[in-house]
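Q: Have a look at this one.
Each reported figure results from applying straightforward, stated rules to the coordinates on display, with no laboratory input. Everything quoted here is computed from the prediction, not taken from an experiment. Don't worry about glycine lacking a Cβ; one is built from the backbone with ideal geometry, like all the others, and counts go over all protein chains shown.
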Amino acid sequence: MDLPLAYIESFYVFLAALVFNVTICSAERLNRALSSPLAQTSRFVDLLERRYNRPELTEEMRKNEGISTVATFILMALLIGLAFGWGLSLVPYGWVAEALIIGTLLPVRSHLDNSRSIERALSNSLEEGRAFLAFVSPRETQGLDEAGVARGAIEVTARTTVDGVIAPFFWYGLFGLAGFLVFRVVNIAAQLIDERTHFAACFGWFAARANDALLWVPTRIAGLFIAFAALFVRQGHPIKAVSTMLRDAPKRPNQVFTWSFAAMAGALNVRLGGPRIYYQEPLDSPWLGDGQRYPDTTDIHRGRLVFLWACSLVILCTVLLALIAAPLPLSIY
């Protein structure tokens, strides 16, 4: 079986990046290392939004300004990715630096730490659980009961399976470091530029649509990996995960993470989705899954296990594919 050399080599780089992220990049270390760059980026986005999302502009003008802003981000990420990818390919062991760059930008380890924190906090008290969920999710948490907090934590896990593992690997495998950086920039921009409030909807429209487009394929792949991962989790329901995904995901065609949410709901035999409040805006979302149990801290833990097995299965499948094509790491940089 013949695969492109660049694809095989990119797997080894991504594998090293994932190992680096899981073993080294704890949430505390990442927050400490990236607090200044992230703060500067957030301030830069706020500056652009104040500059180009002014109330006196028409909706069409604000939408155009949002398009040009995100397009500039994409172009910058593309050029930086191409330049670094080319430069590191000329340096001995440049792949190590590339793996460190990718590993630092992956949210896998930080999500695992945050998920454990929510589980422990909810075990202590409902108020602590709400506070920790609010830290990692934009949804309103004050009115949530224990099941609502657990449901929110599980949905964050399902979302991270998509935009934290499957999508980064998918775009990196296709287009290298440039593809990875473009995806991460669009994904972060969609989170920083609030598209849900009425005023920001026009300016954040393109960021949200670009993010949805880049996640369209990965979210469906993630749903399948979640279903397969349920085979290895106690009281997991792989067949129900697939059937729930195929039945309920079309209920929310405009929500890109519906496929992974529905698959996770079936895998754990719980109900996810439902009405919620994002950025003080009520959303009448349909329920996903027909599980009769209210989720609790045990389900948060089981969802995290599904996430870990999904990550392991992604690695395993790619390892097998790469070993069939080339038993050794070849001429990696």
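Q: Please turn the phi angles of segment 133-145 into ³J(HN,Hα) values with the Karplus equation 6.51 cos²θ - 1.76 cosθ + 1.60 (θ = phi - 60°), one per residue in order, whole Hz, x for glycine and proline.
A: 5, 4, 6, 10, 9, x, 6, 6, 10, 4, x, 7, 8
Q: If you wrap a convex hull around the C-alpha atoms of segment 100-143 and split its volume per residue, what is the figure in Å³?
A: Considering the Cα atoms of segment 100-143, their hull volume per residue is 58 Å³.
Q: To continue, here is another question. Would you grab the residues whose amide H sits under 5 Å from the one on Arg276? Only those 5+ places off in sequence or on another chain, please, with H modelled 1.01 Å from N.
A: Leu283, Ser285
Q: Picking from Ala134, Leu100, Ser115, whose Cα lies most toward the positive end of the charge dipole for segment 82-156 (charges on Cβ: Lys, Arg +1; Asp, Glu -1)?
A: Positive-end residue among those listed: Leu100.
Q: Multiply the residue separation of Arg293 and Leu79 by 0.36 nm, subtract the distance between their alpha-carbon atoms, and state the gained length in nm to one decimal.
A: Length gained between Arg293 and Leu79: 72.1 nm.
Q: Once the piece of chain linking Val22 and Leu316 is laid out straight, how much longer is it, given 0.36 nm per residue of separation minus the C-alpha distance between them?
A: Stretched out fully, the Val22 to Leu316 stretch lengthens by 104.2 nm.
Q: On to the next question. Determine ³J(HN,Hα), in whole Hz, for all residues of segment 234-250 in sequence, where each value follows from phi through the Karplus function 6.51 cos²θ - 1.76 cosθ + 1.60 and θ = phi - 60°; x replaces Gly and Pro.
A: 4, 6, x, 10, x, 5, 5, 4, 5, 5, 5, 4, 5, 7, 9, 4, x
Q: Can you pull the one-decimal nm distance between simple spin-label points at Thr72 and Asp284, each 7 Å off the Cα toward Cβ?
A: Those two pseudo-labels are separated by 4.0 nm.
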